[in-house]
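Novice: Provided herewith is a single structure, encoded as structure tokens, for subsequent inquiry.
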Amino acid sequence: MGPSYLGRSRHGLNIPMWFVERYFKTDDKCITLWGSDGRTWSTSYRLGRRSCGKRIAELLSSGWKIFVQDNQLKFGDVCVFVLIKSPGILLKVVIFRNSEDADH
């Protein structure tokens, strides 16, 4: 994870717009993050535009911040998100720890 996704003042995660348009085919903007340990976190996403006019999608801070804290994500950790077919939007999250961090 890069610093902008783990920051103290702003917790959010950009989602590629093409992914949202192709796979999030529901009006419900709620997303469930499902960890490898079976725990789940509720979050949502919002659509917006950058100053250059490019459309973006971002996981909102509340759920993402709790996920980051609960999983003790650090700079250099890698999260792989797998879309699981379900009635809602369910993303399985597999975390690969930064090998340079001896605490993990």
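Novice: Please find, within the stretch 8-44, the residue that is surrounded by the fewest Cβ atoms within 10 Å (Cβ to Cβ) out of those that are in contact with a Ser or Thr (Cβ under 8 Å, 6 or more places away or on another chain) and part of a loop (DSSP other than H, G, I, E, B).
Specialist: Among them, the one singled out is Arg10.
Novice: Let me ask something else. When the residues of the stretch 50-69 are filtered to those that are among the polar types (S, T, N, Q) and surrounded by 13 or more Cβ atoms within 10 Å (Cβ to Cβ), which remaining residue is modelled with the highest pLDDT?
Specialist: For the stretch 50-69, the residue satisfying everything is Ser62.
Novice: Answer yes if at least one residue in the stretch 70-78 is part of a strand (DSSP E or B) and either under 28 Å from Ser99 (Cα atoms) or of a type in the set (Asp, Glu) (or both), and no otherwise.
Specialist: Yes, the stretch 70-78 contains at least one residue that is part of a strand (DSSP E or B) and either under 28 Å from Ser99 (Cα atoms) or of a type in the set (Asp, Glu) (or both).
Novice: If the requirement is being within 14 Å of Cys30 (Cβ to Cβ) and surrounded by 15 or more Cβ atoms within 10 Å (Cβ to Cβ), which of these qualifies: Ile95, Ile89? Steps first, answer last, please.
Specialist: Working: Ile95 fails: within 14 Å of Cys30 (Cβ to Cβ).
Just one listed residue meets the conditions, Ile89.
Novice: Would you confirm whether any residue within the stretch 62-69 is in contact with a Ser or Thr (Cβ under 6 Å, 6 or more places away or on another chain) and outside any strand (DSSP E or B)?
Specialist: There is at least one residue in the stretch 62-69 that is in contact with a Ser or Thr (Cβ under 6 Å, 6 or more places away or on another chain) and outside any strand (DSSP E or B).
Novice: Would you be able to tell me the number of residues in the stretch 38-66 that are under 20 Å from Gly88 (Cβ atoms) and free of Cβ contacts under 8 Å to residues at least 12 places away in the same chain?
Specialist: 2
Novice: Take the conditions farther than 16 Å from Gly12 by Cβ and either outside any loop (DSSP other than H, G, I, E, B) or at pLDDT below 85 (or both) and apply them to Leu47. Does it pass? If you could, list the steps in order and put the result at the bottom.
Specialist: On the way: farther than 16 Å from Gly12 by Cβ: no; either outside any loop (DSSP other than H, G, I, E, B) or at pLDDT below 85 (or both): yes.
No.
The values are calculated or read from the model by the stated rules, or taken from the named source; none is laboratory data. Keep in mind that what you see is a predicted model, and the values were worked out from it rather than measured. Positions of Cβ are backbone-derived with ideal geometry, glycine not excepted, and every protein chain shown enters the neighbour counts.
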